[in-house]
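S.K.: Have a look at this one.
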Amino acid sequence: VVRPFNEVPGLWKNGWANLYNFWKLDGFRNLHRLTLQNFNTFGPIYREKIGSYESVNIINPEDAAILFKAEGHYPKRLKVEPWTSYRDYRNRKYGVLLKYVLNGEDWRSNRVILNKEVISLKMLENFVPLLDEVGQDFVARVHKKIKRTGQNKWTTDLSQELFKYALESVSSVLYGERLGLMLDYIDPEAQHFIDCITLMFKTTSPMLYIPPALLKQIGSKVWRDHVEAWDGIFNHADRCIQNIYKKLHQDAGTPKKYPGVLASLLMLDKLSIEDIKASVTELMAGGVDTTSITLLWTLYELARHPNLQEELRAEVAAARAESQGDLLEMLKRIPLVKGALKETLRLHPVAVNLQRYIAEDIIIQNYHIPAGTLVQLGLYAMGRHPKVFFRPEQYKPSRWLRTETHYFRSLGFGFGPRQCLGRRIAEAEMQLFLIHILENFRVEKQQHVEVKSTFELILVPDKPIILTLKPV
Ligand code: HEM
Ligand code: 2DC
């Protein structure tokens, strides 16, 4: 017999007492580990209420399949209130990231148009040459740094370099233009933009549990910082967008080469300029910390597994030789590199969980869950569960080749029509980055330092990752 919703195990009766305990356990930064503990305590399904945040949590791939089948025509994620509150406060339009909050159909019609320009496989041939150029410049920059040390190697915390690489990459695809972040002197505004994104993520997490309206009223620092961060993001994105908009008017006529996502959307004339601006701003902001941190974790894993690193280098060399200068061909011949990225997202996912407000009643683990409930798949917990992944603690890209089942297991970018809009850009950008790094440098780590994750809305390394790059 199916058991009623009220019998789902977990702590969901007193949200404010739970928030107090959560806070005592430093839950704002440990969400991923607390989730893991909860699954150990309660089993594969538990119900939870922290402050005003109510959810049902699941961990099994088979249950994830049930969840996504019930997501409906307008899949809805958790409403990230600090993000919508900021837009309401400053009178800014919601982009595709937040639109469903007001109107599902509005999200869908925007998303369908954006899909063609941003996530369709056809666009890869436009994106890849742009992204490859940034990758080459990154390599040139590292060679220069190595020369400057005079020691034939460069030991550093690469995170700032990777932020710049990611922003340069996503900007070149969005605007068809380079910002010049791989140069020695960089525009302080671009640096400010990068800092604002990190601050925006960091200040979001505490406000997931305490309504921003309340924090705003009491004039709390976290809300003020959050506003300042978004202001910095929107101001810089506005400037980039204005710049392209003006140029498009100056040299009208059809361009010879691919002009970038923004100009394509403007010329297509299917979305209002305000809608385009809102979504392009979100794409620009979503394109920095996500890919850079995933790449940093990947380099960290490669440094810890030198043999694997050589294997990947050999795969890349063979792919380079076989594809004879055709980059799109080359990207089809690097399954192990792709497996490495999946493996990174398994152990170090950007998003701790995926969530949907289900559109219909479902039964999971023999519990009845009513339509409208927020159901979360613990992505971090799933990636580390021995029943889901054989020897989960091992970083093993080859597990993604054939041997194990992949059914609802590779979900780092989410699932279905609501999945990550930046996915193709992110994948191409990261694959090209690894190709160039592997062709040019050996990545080593210093002593053994165990790096863990901290939750700052996205998962980030809890300490600097120091790596050494040596020419191969
Ligand atoms: C949404 C992950 C990079 C823009 C998402 C979601 C995840 C995710 C899990 C939610 C999907 C869902 O609910 O099913 C990642 C990861 C990345 C990455 C792991 C890199 C390693 C990017 C990049 C961009 C971007 C580079 C921009 C160019 C977006 C946007 C959404 C989104 C706009 C919201 C889409 C919508 O609501 O319709 N991402 N992302 N992401 N991501 Fe990414
Ligand atoms: C964080 O419990 C944990 O891709 C919460 O590129 C639930 C939650 C809701 C929304 C998720 C968020 C988590 C993690 C970061 C995500 C976000 C939706 C989009 C965002 C997954 C899982 C991200 C990083 C976007 C951000 C784009 C934005 C800054 C313009």
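What follows is calculated from the coordinates using simple rules that are stated; it is not laboratory data. This is a predicted model, so every value here is computed, not measured. Note that each Cβ is placed from the backbone with ideal geometry, even for glycine, and that neighbours are counted across all protein chains shown.
S.K.: Go through Lys202/Lys338; Lys396/Lys452; Lys342/Lys470 and tell me which ones have a Cα-Cα distance over 20 Å in this structure.
M.R.: Values: Lys202/Lys338 29 Å; Lys396/Lys452 18 Å; Lys342/Lys470 25 Å.
Lys202/Lys338; Lys342/Lys470, as the Cα separations exceed 20 Å there.
S.K.: Another one. Can you tell me which of 18-25, 75-82 comes out highest on packing, and rank the rest after it, using the mean Cβ neighbours within 10 Å?
M.R.: In descending order of packing, they fall as 75-82, 18-25.
S.K.: Within segment 301-338, what residues put their amide N at less than 12 Å from the label point 7 Å along the Cα-to-Cβ vector of Glu439?
M.R.: 316-328, 330-331
S.K.: Further, regarding this structure: Got a sec? How would Tyr165, Tyr53 order by Cβ neighbour count within 10 Å, fewest to most? Intermediate values should be presented prior to the final figure.
M.R.: Details: Tyr165 24, Tyr53 18.
Ranking Tyr165, Tyr53 by Cβ neighbours within 10 Å, fewest first, gives Tyr53, Tyr165.
S.K.: Oh, and also: For segment 31-171, please report how many Lys pairs fall under 16 Å Cα to Cα, leaving out neighbours fewer than 8 apart on the same chain. Before the final figure, lay out each step's value.
M.R.: Working: Lys49/Lys79; Lys76/Lys99; Lys79/Lys93; Lys79/Lys99; Lys144/Lys153; Lys145/Lys153; Lys145/Lys164.
Count of close lysine pairs: 7.
S.K.: Hey, another quick one. From a point 7 Å beyond the Cα of Ile186 in the direction of its Cβ, which residues of segment 264-304 have a backbone N at a distance under 20 Å?
M.R.: 281-300
S.K.: Over the Cα atoms of the chain, compute the convex hull volume and normalise it per residue, giving Å³. The partial results should precede the final answer.
M.R.: Values: hull volume 72.0 nm³, N = 472.
In the chain, the Cα convex hull volume per residue is 152 Å³.
S.K.: In nm, to one decimal, how far is the modelled label at Phe42 from the one at Gln447, with both set 7 Å along Cα→Cβ?
M.R.: With each label placed 7 Å out from Cα toward Cβ, I get 4.1 nm.
S.K.: Test of understanding: what is the full-extension gain from Ala317 to Ile218, defined as 0.36 nm times their sequence separation minus their Cα-Cα distance? The partial results should precede the final answer.
M.R.: Values: separation 99, 0.36 × 99 = 35.64 nm, distance 5.87 nm.
Fully extending the segment from Ala317 to Ile218 adds 29.8 nm.
S.K.: What list of ³J(HN,Hα) couplings, whole Hz, do you get for segment 228-245 from phi and the Karplus terms 6.51, -1.76, 1.60, once you set θ to phi - 60° and write x for glycine and proline?
M.R.: Calculated HN-Hα couplings, in order: 4, 5, 5, 4, x, 5, 5, 4, 5, 4, 3, 5, 4, 5, 4, 4, 5, 4 Hz.
S.K.: Give, as a single signed number, the net charge of other residues whose beta carbon lies under 13 Å from the beta carbon of Leu11, with Lys and Arg counted +1 and Asp and Glu -1.
M.R.: Numbers: positive: Lys13, Arg47, Lys49; negative: Glu48, Glu54.
Taking every other residue near Leu11 into account, the sum is +1.
S.K.: Mind giving me the nanometre distance, one decimal, between the label points for Lys470 and Glu310, set 7 Å out from Cα along Cα→Cβ?
M.R.: Calculated label separation equals 1.3 nm.
S.K.: I would also like to ask the following. For segment 215-348, with equal point scatterers placed on the C-alpha atoms only and solvent neglected, what are the log10 I(q)/I(0) values from the Debye formula at q = 0.13, 0.15, 0.21 1/Å, to two decimals?
M.R.: With one equal scatterer per Cα and no solvent, log10 I(q)/I(0) is -0.88, -0.97, -1.12.
S.K.: Also: As I understand it, the dipole of the chain uses +1 on the Cβ of Lys and Arg and -1 on the Cβ of Asp and Glu, about the Cα centre. Which of Pro129, Leu36, Phe234 lies farthest toward its positive end?
M.R.: Result: Leu36.
S.K.: Counting pairwise Cα distances across segment 326-472, what percent come out greater than 19 angstrom? Walk me through the numbers before you get to the answer.
M.R.: Working: 6849 of 10731 pairs.
Counting pairs separated by more than 19 Å, the tail of P(r) holds 64 percent.
S.K.: Ok, one more. Past the 12 angstrom mark, what percentage of all C-alpha to C-alpha distances in segment 383-422 do you count? Present the calculation step by step, with values, prior to reporting the outcome.
M.R.: Details: 514 of 780 pairs.
Pairs farther apart than 12 Å: 66 percent.
S.K.: Let me ask something additional. Quick one: 3J(HN,Hα) in Hz for segment 69-86, Karplus 6.51/-1.76/1.60 with θ = phi - 60°, rounded, Gly and Pro as x.
M.R.: For segment 69-86, the Karplus curve yields 5, 9, 7, x, 6, 10, x, 10, 8, 3, 6, 7, 4, x, 6, 6, 4, 4 Hz.
S.K.: May I pose another question? Residue separation times 0.36 nm, minus the C-alpha to C-alpha distance between Asn21 and Glu62: what's the value?
M.R.: Numbers: separation 41, 0.36 × 41 = 14.76 nm, distance 3.12 nm.
Taking Asn21 through Glu62 to full extension adds about 11.6 nm, to one decimal.
S.K.: What is the magnitude of the charge dipole of the chain about its Cα centre, with +1 placed on the Cβ of each Lys and Arg, -1 on the Cβ of each Asp and Glu, and no other charges, expressed in debye to the nearest 20? List each step's numbers first, then the result.
M.R.: Working: 63 positive and 53 negative charges, 105 e Å.
Its charge dipole is roughly 500 debye.
S.K.: Report the percentage of all Cα-Cα pairs in segment 1-153 whose separation exceeds 18 Å, rounded to a whole percent. Walk me through the intermediate numbers first.
M.R.: Values: 8842 of 11628 pairs.
Result: 76 percent of Cα pairs exceed 18 Å.
S.K.: Going by how many other Cβ atoms sit within 10 Å of their own, how do Asp326, Asp137 line up, fewest first? Please report the intermediate quantities before stating the final value.
M.R.: Details: Asp326 10, Asp137 18.
Placing the least packed residue first, the sequence is Asp326, Asp137.
S.K.: Can you give me the long-range amide H partners of Phe441? Hydrogens built in the peptide plane at 1.01 Å from N, cutoff under 5 Å, separation of 5 or more residues or another chain.
M.R.: For Phe441, whose amide H was placed from the backbone, the distant partners under 5 Å are Val472.
S.K.: I've got another one for you. In nm, give the distance between the simple-model label positions of Lys144 and Gln250, each being 7 Å from the Cα along the Cα-to-Cβ direction.
M.R.: Here the modelled spin labels are 2.5 nm apart.
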